[in-house]
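Notes to accompany the following structure.
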Amino acid sequence: MPLLYNRIQGRNLERLAALSDGIFAVAMTLLVLDLHVPAAAQVRSEHELLTALAAMAPQWITYGMSFLTLGIFWAGQQTQLNNISQGSRDLTWIHLGFLFVTTLVPFSTRLLAEFITYRLALGIYWLNILALGAMLYWSWMYAARKGLIKADVPREVQLSVCRRILIAQSLYAVGAALCFVRVWLSIAVIVLVQLNYAVAPRLGRKKETGEAPF
């Protein structure tokens, strides 16, 4: 009986996608809630207000980074779900693991905002990104191995999804490693990688193969 139940559990991908949308929406909302307005008691002029806003630069930078991070991985997960014919119990739990890692993004973001010059804070933020990529890679490999990918998805597209994740994670790793040179250089490279994956795929996407835009 338990084996039979496991066969029918997690088949509906629409419910999984709906849950994912909700969690990503909450995570993105938590990011902006961490942007705190300067205290009115400490601002007595336009110059002081401008100075206070400038002092929030680490918060603005990490907010932008993490919004891009969540947007990229949300698009990646949705692309996978759109190209998988049906779910399974194991696939559902892989994606629940992915969503668990997603809920940690506001924490790693806040940590980096508060300690933006510390390598450890940046390392934890990078590990969060690494875990997101690893879960998506595991999901796609599992779906391919179990024959869950739609029959009309070309083999080259299946391979491009894996290749895209591996290249992106390699670039993130290079960016993170640059923190040993300078933390701000590391952050700049990570942002550039994010901007590339957020913007460039729309410009260079292959029309005929339908290469996954994430």
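The values are calculated or read from the model by the stated rules, or taken from the named source; none is laboratory data. Source: prediction; values computed, not measured. Every residue, glycine among them, receives a Cβ derived from its backbone with ideal geometry; neighbour counts consider all protein chains shown. Ligands, DNA and RNA are stripped out before the accessible areas are found, and what is left, the full protein with its side chains, is counted by its heavy atoms. Shrake-Rupley method; radii C 1.70, N 1.55, O 1.52, S 1.80 Å.
Selection within region 154-176: residues that are among the hydrophobic types (A, V, I, L, M, F, W, C) and crowded, with 19+ Cβ neighbours inside 10 Å. The member of this set that is farthest from residue 199 (Cα to Cα) is 176. State which residue is nearest to residue 172 (Cα to Cα) when the search covers only region 43-70 and only residues that are of a type in the set (A, V, I, L, M) and open to solvent by less than 30 Å² (accessible area, probe 1.4 Å). Restricting to residues being of a type in the set (A, V, I, L, M) and open to solvent by less than 30 Å² (accessible area, probe 1.4 Å), the top hit is 65.
Pairs are defined by a Cβ separation below 6 Å, a sequence spacing of at least 6 or placement on different chains, a first member in region 14-33 that is over 14 Å from residue 105 (Cβ atoms), and a second member that is of a type in the set (A, V, I, L, M); the pairs so defined are 17/81. Considering only region 177-190, how many residues are assigned to a helix (DSSP H, G or I), out of contact with any helix residue (DSSP H, G or I) (no Cβ under 6 Å at 6 or more places or on another chain) and open to solvent by 40 Å² or more (accessible area, probe 1.4 Å)? Final tally of qualifying residues: 4.
Being touching a Pro at 6+ places or on another chain (Cβ under 8 Å) and of a type outside the set (S, T, N, Q) is a property that does not hold for residue 84.
Checking region 155-163 against the condition returns no match, with no residue being free of Cβ contacts under 8 Å to residues at least 12 places away in the same chain, acidic (Asp, Glu) and more than 24 Å from residue 99 (Cβ to Cβ).
Considering only residues in region 71-81 that are within 10 Å of the chain's Cα centre (by Cα) and not small (Gly, Ala, Ser), the one that is most open to solvent (accessible area, probe 1.4 Å) turns out to be 74.
Give the residues of region 82-130 that are among the small types (Gly, Ala, Ser) and either loosely packed, with under 15 Cβ neighbours inside 10 Å or farther than 23 Å from residue 33 by Cβ (or both), sorted by residue number. Within region 82-130, 85, 87, 88, 97, 123 meet the criteria.
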